[in-house]
Amino acid sequence: MFGLHGIELAFFVLEIIGVVAFAMAGALRAVERDMDLFGMAVLAVITALGGGIIRDLLAQRFPASLSHPVYFIFALLGALLAVPAIGFITRHPSWFKATDALGLAVFSVLGANVALAQGLNIISVLLFGLLTGIGGGVVRDVLANDVPLVLRQEIYGIASLTGIAVQYVLVHLHVPLIPAAVAGAVVIFLVRLAAIRWNWNLPRVRR
Amino acid sequence: MFGLHGIELAFFVLEIIGVVAFAMAGALRAVERDMDLFGMAVLAVITALGGGIIRDLLAQRFPASLSHPVYFIFALLGALLAVPAIGFITRHPSWFKATDALGLAVFSVLGANVALAQGLNIISVLLFGLLTGIGGGVVRDVLANDVPLVLRQEIYGIASLTGIAVQYVLVHLHVPLIPAAVAGAVVIFLVRLAAIRWNWNLPRVRR
Amino acid sequence: MFGLHGIELAFFVLEIIGVVAFAMAGALRAVERDMDLFGMAVLAVITALGGGIIRDLLAQRFPASLSHPVYFIFALLGALLAVPAIGFITRHPSWFKATDALGLAVFSVLGANVALAQGLNIISVLLFGLLTGIGGGVVRDVLANDVPLVLRQEIYGIASLTGIAVQYVLVHLHVPLIPAAVAGAVVIFLVRLAAIRWNWNLPRVRR
């Protein structure tokens, strides 16, 4: 964890951004549901660490967030940051979605990167990235007893898949891992923001 | 994946049947819940791959569906097949349950087979098969914010356990793995269909 | 499993107590939700084995409850014990919470013990113990389509963390593993009972 250089450090910074963003989104959902302070902390931690734990379980390695306290500490920090932000967010509800979008972007490319490092094919990279990216938010919504955000509204998973595809293509064009991941994350974040801003929705099949 | 022979091929065909059946069941539930096209695809894929991923995580191996795109492709195909079937299914709701029953049958015997191959005892084989068989449907129902089907209605888990017991006995009578698994799956499917048809229910404990 | 001595036997007894307690809590919730006998058995087994399976998946080992039928048998026994207790529990609802508290206490210290045995730091020990301790109950509540108990009411997770902290300190003061775990479990159980009895709640953040 300490004494990191170059690539490891860059991915670590990305991961911390994702952890803080998802922790804020988890804490805000807890407040919406009238949970107490511990419920806020738990939902923040589970949302923030859920994506990474799912990724590590799938990749069959010990969950990083359970052996390095730094993730946990930043998740609690994210929950704390959410407290003063609550009044603001209540008046501007799209900020909740923007925070969630940042977590989605970061965890999607970090999950995809694990599959890329193992030399897996494009579909595996997409699935790995998508499950890691949406995992934290899905767990949060299930615990809050809601149908997960990803299943019911504006372009969400498609944003994740689009950015991962960009990341995949860049890596195969010999762009280094970090710029490729950052580019993918920026694409996901912008597509999701655009979808929220202009209310882009996929069509529905009528019963 | 390619260049399979005999046993591997037969189990692969069974698994694909389970994937397509559960994908259709997942997509139909998504339509019932007014999810969009992406929600349909996600619920179909998670339902179809959920059972297998749970089995592989329990058996401590890399989830097959994340390294071989073929499962993902057949899951999407199942979701597509569900679209033209929706009008028909709305008029004949027991067809949803029949599709789900086919997935239950196939994944139960595939999960049990993993435990059988490790020489585990009968109770472990039953638990492994049951968790694999009901895993996809439970994840689907939790994501759709329902109490899982398996917990609330006609003979469902009992059907799974009955077929797995038949499979276990056959294997211990030296019947080869494939016919034993197929026989177990047929038993599960028929017991579940009978339970749906004649509305067999277990008794309830009154409060 | 058999031929255990000393430490293994003591932890095994603790685990069985946790399994029976959580199985009763799962079966009682199933009755509240009008599930049938199979739903009762499944919810009891999943609640009872859920915490241990989560712990084993996180520790990357084969789930003990899937290779040793004894856990499954005691989980069913717990479900059976719940049946005659239902009338009594309906009149004294805090007994449901007391049973749940016993499971929380035992699984928290057993989960923490796995992290302690790996020499992990205090935050990892707390997280490991908390996830193991609340895992069974969270799965039970999600399957019953409720917001998990741990997120919404009296001191619950804090009780778990307090006892794990006591256990951690005792182990680092060279108290043997078993008495340290028992002391931690007693602290968790008493803090939780006190929280139920005097309705201790954490504050909430207002929207």
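Every number in this text was worked out from the coordinates using simple rules, so none of it is lab data. Every value quoted in this text rests on a predicted model; they were computed, and no experiment measured them. Don't worry about glycine lacking a Cβ; one is built from the backbone with ideal geometry, like all the others, and counts go over all protein chains shown.
Its alpha carbons give the protein assembly as shown an Rg and a Dmax of 23.5, 69 Å. Our summary gives chain B a relative contact order of 23 percent, counting only alpha carbon pairs under 8 angstrom and 6 or more residues apart. Remark: mean inter-chain Cβ contacts per residue of A:26-36 equal 4, using a 10 Å Cβ-Cβ cutoff to other protein chain atoms.
The label point for C:W200 and the one for A:W95, both projected 7 Å from the Cα toward the Cβ, are 3.4 nm apart.
Whole angstrom only: what separates the Cα centroid of the range A:27-41 from the Cα centroid of the range B:147-207? Cα centroid of the range A:27-41 versus Cα centroid of the range B:147-207: 41 Å apart. This ranking places B:I188, B:I123, C:I53 by how few other beta-carbon atoms lie within 10 Å of each, fewest first, which gives B:I123, C:I53, B:I188. In this rough spin-label picture, where each label sits 7 Å from Cα along the Cβ direction, the B:V70-C:I86 distance is 4.7 nm. For A:E32, the label point sits 7 Å beyond Cα toward Cβ; its separations from the matching points on the remaining copies run 2.4, 2.4 nm, from shortest to longest. Each copy carries a label point for A:A194 at 7 Å from Cα along the beta-carbon vector; from one copy to the others these points are 5.7, 5.7 nm apart, nearest first. Taking every residue in A:192-204 and counting other chain Cβ atoms within 10 Å of its Cβ, the average works out to 2.
Excluding the sites themselves, what is the longest stretch of chain B that contains no chymotrypsin sites (Phe, Trp or Tyr not before Pro) in a DSSP loop with at most 11 other C-beta atoms within 10 Å?
Details: sites that count: B:F2, B:W198.
Between exposed loop sites, the widest span is B:3-197.
Within 10 Å of each candidate Cβ there may be at most 12 other Cβ atoms; applying that plus a DSSP loop requirement, which trypsin sites (Lys or Arg not before Pro) in the range A:4-98 survive? Before the final figure, lay out the partial values.
On the way: sites: A:R29, A:R33, A:R55, A:R61, A:R91, A:K97; in loops: A:R33, A:R61.
For trypsin sites (Lys or Arg not before Pro) across the range A:4-98 that sit outside H, G, I, E and B with at most 12 neighbouring Cβ atoms in 10 Å, the list reads A:R61.
Residue by residue along C:39-51, Cβ atoms of other protein chains within 10 Å of the local Cβ number 3 on average. Across the range A:188-205, the residues whose backbone nitrogen lies under 18 Å from the label position 7 Å along the beta-carbon direction of B:D34 are A:199-205. Across the identical copies, the 7 Å label point of B:L80, projected outward along Cα→Cβ, sits 5.2, 5.2 nm from its counterparts, in ascending order. The range C:66-113 and the range C:43-59 have their alpha-carbon centroids 13 Å apart.
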